[in-house]
Amino acid sequence: MTVVLHTPPHEPGPPLTLRPWAEEDIPDLIDAYRDPVMRQWTRSHVDDERTARRWIDTQERGWSEGTRLSFAVLEPEADRARLVANVVVKGVTVGGASAEVGYWTTRAARGRGIAGRALEVVTIWAFAARGLRTLRLLHQVDNQASCRVAQKCGYALEAVLPPLSPYPRDGHLHARHAPQVPPA
Ligand SMILES: CC(C)(COP(=O)(O)OP(=O)(O)OC[C@H]1O[C@@H](n2cnc3c(N)ncnc32)[C@H](O)[C@@H]1OP(=O)(O)O)[C@@H](O)C(=O)NCCC(=O)NCCS
């Protein structure tokens, strides 16, 4: 079943729709990866139609195997929904209680709190619908925008990690834990 998520209706800001990536997103995906900031901070590179198709294949395989649950985040525009972000829950294992989240926003969408709003929706869903108890978030120490998103979204800083190839600098490990279920 296709998972489609929405930001809460009364939340300030434009309503966001989150749905699995699809082939129709290829032109917007190629466009998003033209941004040097994106290429600086993310590991996967999309350069053309072939690499974009491979990237989409990876997302589709992730959903079918249940290991990588990624969402294209869309904002309504006058004529169509516009791609503004990607949020992923990765490293999901059968019966596992923890996984890692990742995200990026398109260059044009930055600075409006989109990443945090989309991450919040996915976090709540991952806890409630996927039974995960802990979500980890990793970023390089000098990626201050990502650090702010983590803080604003309730992912507390838990550790500073040494550099790990291919990342040349220390990393921040943030985590958010599912709410405790009150005893029956
Ligand atoms: C990180 C990223 C997803 C943030 O998305 P966003 O939707 O623009 O997030 P926000 O609008 O909440 O802005 C981020 C915060 O970082 C701050 N910020 C942005 N650039 C910054 C910089 N160079 N230095 C310090 N703070 C910065 C903003 O002021 C904002 O903080 P505030 O809410 O306290 O004012 C986006 O910058 C991005 O896609 N970067 C490239 C990919 C990436 O780094 N992904 C994460 C990998 S771990």
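Values in this text are rule-based calculations from the coordinates and carry no lab data. Small disclaimer: the values here were computed from a predicted structure and weren't measured. Glycine gets a Cβ as well: all are built from the backbone with ideal geometry, and neighbour counts include every protein chain shown.
With a cut-off of 11 Å on the backbone N, the residues of the stretch 133-157 near the modelled label site 7 Å out from Ser98 along Cα-Cβ are 133-137. Rounded to whole numbers, the Karplus 3J(HN,Hα) couplings from phi for the stretch 18-27 are 10, 9, x, 4, 9, 4, 4, 7, 3, x Hz, using 6.51 cos²θ - 1.76 cosθ + 1.60 with θ = phi - 60°, and x at Gly and Pro. Dipole size of the stretch 114-170 about its Cα centre, with +1 on Lys/Arg Cβ and -1 on Asp/Glu Cβ: approximately 180 debye, rounded to the nearest 20. Placing unit charges on the Cβ atoms only, positive for Lys and Arg and negative for Asp and Glu, gives the stretch 41-109 a dipole magnitude near 160 debye about its Cα centre. When each of Ser146, Ser64, Ser98 is scored by the number of other beta-carbon atoms lying within 10 Å, the sequence from fewest to most is Ser64, Ser98, Ser146. Cβ crowding within 10 Å ranks Thr2, Thr58 as Thr2, Thr58, fewest other Cβ atoms first. Projecting the Cα positions of Thr51, Leu29, Tyr103 onto the charge dipole of the stretch 5-132 (unit charges on Cβ atoms of Lys, Arg, Asp and Glu, taken about the Cα centre) puts Tyr103 furthest along the positive direction.
Could you work out the local net charge near Trp63, counting Lys and Arg as +1, Asp and Glu as -1, over the other residues with Cβ closer than 15 Å to its Cβ? Every neighbour counted, the sum reads 0. Under the convention that each Lys and Arg Cβ holds +1 and each Asp and Glu Cβ holds -1, the size of the dipole of the chain around its Cα centre is about 480 debye. Picking from Ala128, Ala184, His10, whose Cα lies most toward the positive end of the charge dipole for the chain (charges on Cβ: Lys, Arg +1; Asp, Glu -1)? The residue sitting farthest along the positive end of the dipole is Ala184. Loop-located GluC sites (Glu not before Pro) across the stretch 57-132 with a Cβ neighbour count of 16 or fewer within 10 Å are Glu77, with loop assigned by DSSP.
Would you mind classifying the stretch 5-132 by shape? Square roots of the alpha carbon gyration tensor eigenvalues, ordered a ≥ b ≥ c; an a/c under 1.5 is rounded, otherwise it is prolate if a/b is larger than b/c and oblate if not. Oblate shape, in that a/c is at least 1.5 and b/c is the bigger or equal ratio. For the chain, relative contact order (Cα pairs under 8 Å, six or more residues apart, normalised by length) works out to 15 percent.
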